[in-house]
Amino acid sequence: RQRHRIMNRFRFLALATVIGWCSAFAAFGAPGAAAQAADQQGRGKALYMDKCASCHQESLKGSTETPPLTGDMFWSNWETYSANNLVEQVRTTMPEDNPGGLMRQEYVDIVAYILKFNEVPFTGDLPMDADGLKKVSIKKK
């Protein structure tokens with residue numbers, strides 16, 4: 001009988017420990033909005049460097065032949081518009097040799113990177129849908 005109680009306590013403690021570990025690992029490894037956004041912006045940066053930087057420069061400052069995606073000219077062109085306007089502009093005109101040639105998610109990821117580079121305030125991932133993107137205003141923080 002005593003042995004039975006000791007085994008039950010051992011099982012209870014073992015189960016509690018396993019549940020505690022699983023909870024801790026789940027909480028530690030569960031990506032929140034910030035982590036997911038960082039992933040989107042990270043993907044966007046990688047895509048930008050691969051598909052856009054050769055013309056628009058790694059600094060996003062553009063060249064004599066391509067518009068800047070940061071700085072005063074960017075703000076004068078895009079402030080007061082929505083993220084949807086920028087996504088659609090990029091999607092329908094870029095890359096120059098293959099407009100519309102990327103997947104929609106890739107365009108959204110690139111725009112997320114551009115907006116964060118410019119410190120446009122938004123939280124989490126940019127949404128994929130036009131209605132959601134229209135709710136994200138391009139404005140200085």
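Test Gly132 against the criterion of being in a helix (DSSP H, G or I), surrounded by fewer than 19 Cβ atoms within 10 Å (Cβ to Cβ) and on the phi < 0 side of the Ramachandran plot, and give yes or no.
It is true that Gly132 is in a helix (DSSP H, G or I), surrounded by fewer than 19 Cβ atoms within 10 Å (Cβ to Cβ) and on the phi < 0 side of the Ramachandran plot.
Please enumerate the residues belonging to the stretch 45-77 that are more than 21 Å from Asp97 (Cα to Cα), in a loop (DSSP other than H, G, I, E, B) and of a type in the set (Gly, Ala, Ser).
Listed by number, the list holds a single entry, Ser59.
Residue check: is Gly42 of a type outside the set (Lys, Arg), assigned to a loop (DSSP other than H, G, I, E, B) and over 20 Å from Ser137 (Cα atoms)?
no
Out of the residues in the stretch 62-93 meeting the condition of being in contact with a Leu (Cβ under 8 Å, 6 or more places away or on another chain) and aliphatic (A, V, I, L, M), tell me which one is most open to solvent (accessible area, probe 1.4 Å).
Leu69
Please enumerate the residues belonging to the stretch 107-129 that are at pLDDT below 95 and open to solvent by less than 20 Å² (accessible area, probe 1.4 Å).
Once the filter is applied, which keeps residues that are at pLDDT below 95 and open to solvent by less than 20 Å² (accessible area, probe 1.4 Å), the stretch 107-129 yields only Gly124.
The values are calculated or read from the model by the stated rules, or taken from the named source; none is laboratory data. Bear in mind that the values here come from a model prediction, so they are computed numbers and not experimental data. In this analysis, Cβ positions are derived from the backbone assuming ideal geometry, glycine residues included, and neighbour counts consider all displayed protein chains. These area figures cover heavy atoms from the full protein model, side chains too; ligands, DNA and RNA do not enter into them. Shrake-Rupley method; radii C 1.70, N 1.55, O 1.52, S 1.80 Å.
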